[in-house]
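Peer 1: First the structure, which I've put down as structure tokens, then a few questions once you've had a look.
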């Protein structure tokens, strides 16, 4: 675990705040080190809560700071990620901060519609993921 130049309680609170914002807004911008810690935290939360029971809802409300984030996670996000076991968060590098030159990153939740399984690509088009993505998008547009 990265220390992020903070004491233990402050670091835990920071990561919980970032996780709450990520689940509410589905995309946040922060430094790369904070993004990596937030990714591991949110991945463990969502993989644990994927069973969708009362204990999981209580766990979410104890971990997240905002009740709206808990509701959104239980109502919108869990049905979206029902088939996934891990890999709920994606990190993109986004330049450097002006003041101290720290690396910035965009952290976002993976959308189920844009997710393409590599096994489907291997079966259908011998590893060409772009062709599989184009087929899936065409099928969704037709519907």
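Peer 1: Under a point spin-label approximation (7 Å from Cα along Cα-to-Cβ), what is the residue 94-residue 13 distance to one decimal in nm?
Peer 2: 2.5
Peer 1: Something else now. Please check which bits of the range 36-50 a label hung off residue 82 would reach, taking the label as a point 7 Å along Cα-to-C-beta and the cut-off as backbone N under 15 Å.
Peer 2: Within reach of a label on residue 82, which here means backbone N under 15 Å from a point 7 Å along Cα→Cβ, the range 36-50 contributes 50.
Peer 1: Which order do the peptides 131-138, 30-37 take when ranked by the mean count of other beta-carbon atoms within 10 Å per residue, highest first?
Peer 2: Numbers: 131-138: 13.6, 30-37: 18.5.
So the peptides 131-138, 30-37, ranked by packing, come out 30-37, 131-138.
Where a number appears in this text, it was derived from the coordinates with a stated rule and is not lab data. This one's a predicted model, so the numbers in the text were calculated from it and none came from an experiment. All Cβ positions, even for glycine, are placed from backbone atoms using ideal geometry, and neighbour counts span all protein chains on display.
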